[in-house]
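Accompanying notes for the structure given below.
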Amino acid sequence: MQHAQLRAFNAVAEHGGFSKAAHALNLTQPALSDHVRHLEQEFGVTLFHRRARSVEPTELGRRLLSVTQQMFGCERAARDLLTSASTLVTGSLSLAADAPDLAIKLIAAFRLRHPGILVTVSIANAQVCMERVLSNTVDAAITAAPQADNRLQSITLRRGPLVAMVPTASPLAARRGLRIAELAGQPLVFREPRSVTQRLLEDELVRAGLRVDPVLLVEGREALEEAVAHGLGLGVIARAEFNGDRRITILPLTDCRAEMAESLVRLADRPPSRLLDALFAIELAV
């Protein structure tokens, strides 16, 4: 039993004749008749009552028609689904992000162009974001993690300096900037060791020959900002990540060489995806 034979049978049954079915399938009538005849011969059955001016399905033919109509209905649904996905009308993307603000900006820009695409985003630190990309758990990630793995393809979305956060009520808030060495004389709040911001800060402290013990260790940018706002110490953050909390003043680190680079990352050897290509084509004004 071949697909072409079932399609020929279905067309004859639906159109009520061989000539109309042949025209619908763009086949010659002899070719169409051969398909139906071979199907009947293979199973030793009669699927049509053939009369001089009409063709009607037998009882078995009517039962088979109900099956083939479902079959070709599913085929059309599959074709419609794939066509809509290839034209970016429908579909879904899963993302991981360690920078929620940047992820939302990217998703908003993407959905302006492709409103039918469902995007899900999970928030995690940079290390977890990279693990999810490498394990193919998500389609892509927005992360500040270094892109040193040759299995990855990435584009930079945002790049910016590190800044110091001080309580707005502190005398330091009137300063125009701080040097790295000045941080050593202040109580500092550190992020968790896996934080990219924390690694960059520690590299700067080492470069300056400084050893600093924090007064508080917190997990997450929000917790760091709250600690600074409540006067527990100074913090360091990427300039672009600061959310504008009025309780906090940010100061440039005038001799800091480190920059935070945030990228959109995916596996380089994933199967082709027009959805991901469209996401990577988005240009953000950040």
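Couple of notes before you dig in:
- Long-range amide H partners of L157 with built H, under 5 Å: E262, S263, L264
- Neighbour-count order for D213, D255, fewest beta carbons within 10 angstrom listed first: D213, D255
- Taking other Cβ atoms within 10 Å as a rough exposure proxy, T197, T254 sort from fewest to most as T254, T197.
- When the Cα gyration tensor is reduced to axis lengths a ≥ b ≥ c, the ratio a/c stays below 1.5 for the stretch 158-260, which is therefore classed as rounded.
- Amide H to amide H distances under 5 Å link I248 with T168, where only residues 5 or more positions off or on other chains count and H is placed in the peptide plane.
- Projecting the Cα atoms of F242, V12, T120 onto the charge dipole of the chain, computed from C-beta unit charges around the Cα centre, puts V12 farthest toward the positive end.
- For the chain, calculated [θ]222 nm from helices alone, where every DSSP H run of n ≥ 4 adds -39500 (n - 2.57): -13000 deg cm²/dmol
- For the stretch 3-86, the Cβ-based charge dipole about the Cα centre amounts to some 220 debye (Lys, Arg positive; Asp, Glu negative; other atoms uncharged).
- Protection proxy ranking, highest mean first, for peptides 124-133, 165-174, 13-22: 124-133, 13-22, 165-174, where packing is the per-residue count of other beta-carbon atoms within 10 Å, averaged.
- Under a 5 Å amide H cut-off, with hydrogens placed 1.01 Å from N, F48 pairs with T58 among residues at least 5 apart or on other chains.
- Placing unit charges on the Cβ atoms only, positive for Lys and Arg and negative for Asp and Glu, gives the chain a dipole magnitude near 820 debye about its Cα centre.
No lab work stands behind these numbers, since they all come straight from the coordinates. All values reported here derive from a predicted model rather than from experimental measurement. Neighbour counts run over all protein chains shown; Cβ positions are idealised from the backbone, glycine included.
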